[in-house]
């Protein structure tokens, strides 16, 4: 590993962390504005032009809040749980390609941090770690509502992770690789036609992925671990200040990550018109696709009420899992017909 | 069918995005208050500029939350504030106590106090919640003079001014 490569990795890592953190702040703003419009309100528009400084104001407020922990809480785990939740969310997008190879001052730089050959397994593995943080937060708070939120989180996970995994499997079958760079290139291999065929063959997989990622990120209608009305905010009831902000951050960064992964697996990632000639268009296309995916997340939140706990499990096992197998079958048939 | 209902719900929410927001941007746009709205109190003047309040303290007596404090003093022809025998030298309303019931308005014999349409009562300190006579009283009418006035002797001899019967 040359020094130049080392510096390149550090710059890319810092860039990803910075984009994710700033992205988190502005996704909250985006969500509040979009949600407000869906409810025929205006949303935050006071702090700065168009309310663009609202996330800064919220962040400052949370920094100055009192750090509080319950008297019989397990202090170590109580402090550790938000960290366990936020770190996987920060590192999950390391394998998502932002674009092709660009030329910076005569130096060929690929616009992705890591081209891992098991990137899809990495996604599945890292995405599940944050559930530990949620369960530990619920358990260490010494609060019955937090505990129930944590337990719900585990039960929810075993019902949607399979569907998520099966939608990954069908993409892997079609692409013939687990690397996300290869997945994107497989979508662009046969031009615009190949991209359309890819998407037409995977609508079921895409919908399964969206449903599973809604559950993965604890978003409405699957926000059972943090159900405000039943569990008084569930696993983060006892958290305040920056520790609460970290849970909040983990949730929103995971939404961004899931949107990026969905765009990469099903919407062609950084591919778009003229991206072969101008590789810098790659991140812009990925950004636009991610924004559309984020809009879907917000839209679903504005529309659907929360699922009942047992119905989510029944839905996961009796509907999503068979549909996932069906989708895998479709992908397998297409792969055989294509002669792969 | 579940999926169709889901789609209808999503479509309804999406359509809402193109409706006009119902939000009223408050400090810039103020909605007019309703008739008979009970906001901050106003102390009124006659056309000649004399104060209607004669310092009788009936409003303070009627006040259920004891928010009004009135201290009265004697008028003379040299220093005249109101057409009656006495005037309110101090008139204070504690807006933290006031419940905006309007009993002071009903109790007033000279229709000197009414509850107006100002609802922007905010303060950062308890002392600021006490509204004094200077803050409550109306500005002097254009063809009147400010109080205290110097009036010809024996022009106001009654202990309370002449009042018409209420019209409404």
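Principal-axis analysis of the Cα atoms of chain A puts helix A:144-175 at an angle of about 0° to the longest axis.
From its DSSP helices (H runs of at least four residues, each -39,500 (n - 2.57)), the protein assembly as shown gives a residue-normalised ellipticity at 222 nm of -16500 deg cm²/dmol.
Measuring between their Cα centroids, segment A:310-334 and segment A:112-163 lie 20 Å from each other.
The shape of segment A:112-161 can be summarised by an equivalent ellipsoid whose semi-axes, obtained from the alpha carbon gyration tensor, come to 29, 12, 5 Å from longest to shortest. Each of A:286, A:52 was scored by other Cβ atoms within 10 Å of its Cβ. Listed from fewest to most, they are A:52, A:286. Our estimate of slack between residue B:76 and residue B:23, defined as 0.36 nm per intervening residue step minus the Cα-Cα distance, is 13.6 nm.
From the largest down, the protein assembly as shown spans 117, 55, 54 angstrom on the principal axes of its Cα atoms. With the convex hull of its Cα atoms as the shape, segment B:33-157 has an orientation-averaged projected area of 8.1 nm². A simple spin-label model places the labels of residue A:17 and residue B:62 7.0 nm from each other, with each point 7 Å out along Cα-to-Cβ. Sorted from longest to shortest, the spans of the Cα atoms of segment A:158-300 along the three principal axes equal 52, 31, 25 Å.
Does a label point 7 Å from the Cα of residue B:37, set along Cα-to-beta-carbon, have any residues of segment B:111-145 with amide nitrogen under 11 Å, and which are they? So the set is B:116-120.
Segment A:18-75 to segment A:242-281: how many Å between their Cα centroids? Rounded to whole Å, the Cα centres lie 20 Å apart.
Going by neighbour counts of Cβ atoms within 10 Å, the residues B:111, B:105 line up, fewest first, as B:111, B:105. A convex hull fitted around the alpha carbon atoms of segment A:20-175 yields 205 Å³ per residue. How much of the calculated P(r) for segment A:15-99 lies past 20 Å, in percent of all Cα pairs? Pairs farther apart than 20 Å: 55 percent. Per-residue Cβ neighbour counts within 10 Å put B:143, B:66 in the sequence B:143, B:66, beginning with the fewest. Rounded to the nearest whole angstrom, the semi-axes of the ellipsoid equivalent to segment A:56-118, taken from the Cα gyration tensor as √(5λ), stand at 39, 18, 8, largest first. Between residue B:138 and residue A:10, the simple spin-label model (points 7 angstrom out along Cα→Cβ) gives 7.6 nm.
For segment A:225-340, the ratio of Cα radius of gyration to the globular rule of thumb 2.2 N^0.38 Å stands at 1.43. With axes computed from alpha carbons, what is the tilt in degrees of helix A:321-338 against the longest principal axis of chain A, rounded to the nearest 10 within 0 to 90? On a 0 to 90 degree scale, this one is about 10. If you model segment B:116-158 as an ellipsoid using its alpha carbon gyration tensor, with each semi-axis the square root of five times an eigenvalue, the axes come out at 33, 13, 9 Å, biggest first. What relative contact order, as a whole-number percentage, does chain A give when Cα pairs under 8 Å and 6 or more residues apart are counted? The value is 24 percent.
Between residue A:52 and residue B:101, the simple spin-label model (points 7 angstrom out along Cα→Cβ) gives 5.3 nm.
Every read-out reported here was derived from the displayed coordinates using simple, explicitly stated rules and does not represent laboratory data. Computed from a predicted structure; not experimentally measured. Glycine gets a Cβ as well: all are built from the backbone with ideal geometry, and neighbour counts include every protein chain shown.
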